[in-house]
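The values are calculated or read from the model by the stated rules, or taken from the named source; none is laboratory data. Remember, predicted model here, so these are calculated numbers, not experimental data. Virtual Cβ from ideal backbone geometry, glycine too; neighbours counted across all protein chains shown.
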């Protein structure tokens, strides 16, 4: 069974031919895992096969992310070359110095944004490759882009949110569970750094400032061990912020030369990563809309559960979502866990 | 840029500080991504720096077979003239755009002129000369920069013509940037719609699963089948389910 299925999935290999970058160690390791699965008859061949396929997919994503990182890197180098020319001209022609300095600044900003994108994409690519190479790769620990985003700005956690036109959240991508929970607190308590960022204001707060800024959110998020937060609006080239990037951790990172500014990373996300979309047919549920993000980032369980509650209790969908959030807050659990209980019927209102 | 400030032999109004001020203004417009502002800036430069009495920027839109265009003009009167030229079978600006070469008429009252009807209309508005400079973007002509004057003294020559060439290149770059911005706006909107659509589909899955005692996958299959059978978009079906438009209330399984 495993043998034939593996053969059937062989077209995965054909994708290799179209890769521009070298497949990398992760792919080779995943390949050897695949060979291993094919050779050894495991007690549970199906599980073995599934884990192999996941490893192959991760290795393939790693290669795709490396290619994206390469593109951003080249764009950064192009911007740097133009900026350098203007800087040279500013020196050489004092009468036009202001003009060239401003042009140089314009291109340096673009360079910083592209470098930040290249950095987080290659960090993501490397961690995917390492994960894929592990024979016992645990699917719940599969690396996500937001971990690389957090590492790029030097904060412990990062969460990216996008808002739909109706004001509801269409994407919530978090680096880890604590960060996701902290964001859920913001949503439930209707206060926190994100609420200021979506109105166009950048925010940063530490320790007791958290409590004075946000009397309900501050103490709640500090109970999760978060002592520092910052948020910037994400514009996606639109007038109004379309979402925001929030970072947090036990402390504010010390500035180092290795880090990019939060604004550079927010620009990198809106100008490169979020513009990289899969071409999906309408209604196709198998292909992700944004290839660098996870299916869970669109909160499918929450919305399915809201649908169930609407049918069962006659609430409208946004009330149902608010009730799930409130329940999660009261029980100190994640929204997805409570939504899961609604779906499997163990939570009846 | 190869233009020397103060260049041009005919006593050009272009001076170093004026050119520098104009360029700084252009950088400001680029920083703000104000492409409409850049088009108006180009026109202003033609008048203030090149000494034209009227100037227009024609930017072609749409496909090749149907000539549609946008005009940014220093004077409203120019619109009729450009329309007359571009909608007619033949005219100097049309010639400039189709050939991709600059067109200059030094004397619009010259007898035996190629575009006699056009020249008469132009003279009626007081113009004595005109110059058309094509706008190019990667080999294709994307429009034209038009300069017209009422006195022989203002005719651009030498360095001024080079500056007109540079202005046309800048205007073409501005137009290309506008395309990029427009495309980005469309992409952002499509992304928002795709994400919102996904949410509504998940909610509808929950509703149908609960209504008919199905698994979520079966609920989705139900919607997909309904969409196919009724030739509807799956998002529209999900939207009807969520907004209780009496869809899929009862089903045969």
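Condition check: under 26 Å from residue A:269 (Cα atoms) and in contact with a helix residue (DSSP H, G or I) (Cβ under 8 Å, 6 or more places away or on another chain). Does residue A:81 satisfy that? Here the answer is no, as residue A:81 does not meet what is asked.
Rundown of residues vs (1) surrounded by 21 or more Cβ atoms within 10 Å (Cβ to Cβ); (2) in contact with a helix residue (DSSP H, G or I) (Cβ under 9 Å, 6 or more places away or on another chain), yes/no style:
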position: B:175; (1), (2): yes, yes
position: B:183; (1), (2): no, no
position: B:202; (1), (2): yes, yes
position: B:231; (1), (2): no, no
position: B:235; (1), (2): no, yes
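Among the candidates A:189, A:141, A:185, the residue that is over 22 Å from residue A:295 (Cβ atoms) and surrounded by fewer than 19 Cβ atoms within 10 Å (Cβ to Cβ) is uniquely A:189. Just one of (1) assigned to a helix (DSSP H, G or I); (2) more than 30 Å from residue B:103 (Cβ to Cβ) fails for residue B:231. It is (1). For the range B:228-238, what are the residues that are over 13 Å from residue B:204 (Cα atoms) and facing chain A (nearest Cβ under 8 Å)? Residue satisfying the conditions is B:233 alone.
Being away from chain A (no Cβ under 14 Å) and in a helix (DSSP H, G or I) is the requirement here; does residue B:194 meet it? Against the criterion (away from chain A (no Cβ under 14 Å) and in a helix (DSSP H, G or I)), residue B:194 does not qualify. Of all the listed residues (A:173, A:158, A:117, A:105), the sole one being within 13 Å of another protein chain (Cβ to nearest Cβ) and under 28 Å from residue A:249 (Cα atoms) is A:173. Scanning the range A:236-250 for residues that are closer than 13 Å to residue A:156 by Cα and either outside any loop (DSSP other than H, G, I, E, B) or in contact with a helix residue (DSSP H, G or I) (Cβ under 9 Å, 6 or more places away or on another chain) (or both) yields a count of 4. Tallying residues that are closer than 24 Å to residue A:124 by Cα, crowded, with 21+ Cβ neighbours inside 10 Å and free of Cβ contacts under 8 Å to residues at least 24 places away in the same chain within the range A:290-325 yields 1. Against the conditions (1) at pLDDT below 90; (2) facing another protein chain (nearest Cβ under 10 Å); (3) touching a strand residue (DSSP E or B) at 6+ places or on another chain (Cβ under 7 Å), residue A:277 satisfies every one except (3). The test for being surrounded by 14 or more Cβ atoms within 10 Å (Cβ to Cβ) and at the interface with chain A (Cβ under 10 Å from one of its Cβ atoms) holds for residue B:216. Would you check which residues across the range B:148-160 are crowded, with 17+ Cβ neighbours inside 10 Å, over 9 Å from residue B:51 (Cα atoms) and in contact with a strand residue (DSSP E or B) (Cβ under 8 Å, 6 or more places away or on another chain) and list them? Once the filter is applied, which keeps residues that are crowded, with 17+ Cβ neighbours inside 10 Å, over 9 Å from residue B:51 (Cα atoms) and in contact with a strand residue (DSSP E or B) (Cβ under 8 Å, 6 or more places away or on another chain), the range B:148-160 yields only B:148. For the range A:43-83, a residue qualifies if it is in contact (Cβ under 8 Å) with a residue 12 or more places away in the chain and over 26 Å from residue A:146 (Cα atoms), and the qualifying residues are A:45, A:46, A:48, A:49, A:80, A:82, A:83.
All told, residue B:163 falls short of being at negative phi, more than 9 Å from chain A (Cβ to nearest Cβ) and not in a helix (DSSP H, G or I).
Filtering the range A:119-133 to residues that are more than 12 Å from residue A:61 (Cα to Cα) and without any contact (Cβ under 8 Å) to a residue 60 or more places away in the chain leaves only A:123. When the range B:174-201 is filtered for residues that are within 11 Å of the chain's Cα centre (by Cα) and free of Cβ contacts under 8 Å to residues at least 40 places away in the same chain, the ones remaining, listed by number, are B:176, B:179, B:180, B:182.
Within the range A:221-235, the residues that satisfy the criterion of being without any contact (Cβ under 8 Å) to a residue 40 or more places away in the chain, in contact with a helix residue (DSSP H, G or I) (Cβ under 7 Å, 6 or more places away or on another chain) and not in a strand (DSSP E or B) are A:221, A:222, A:227, A:235.
Being within 12 Å of chain A (Cβ to nearest Cβ) and assigned to a helix (DSSP H, G or I) is a property that residue B:178 lacks. More than 14 Å from every other protein chain (Cβ to nearest Cβ), over 20 Å from residue A:176 (Cβ atoms) and in a helix (DSSP H, G or I): does that describe residue A:90? No, not satisfied.
Among the numbered conditions (1) more than 14 Å from chain B (Cβ to nearest Cβ); (2) buried (at least 20 other Cβ atoms within 10 Å of the Cβ); (3) within 16 Å of the chain's Cα centre (by Cα); (4) farther than 21 Å from residue A:263 by Cα, the only one that residue A:246 does not meet is (4). Looking at the range A:123-214, the strands (runs of 3 or more DSSP E) lying wholly inside it that each contain 3 or more residues that are modelled with pLDDT of 90 or more and closer than 27 Å to residue A:64 by Cα sit at A:157-163, A:169-174.
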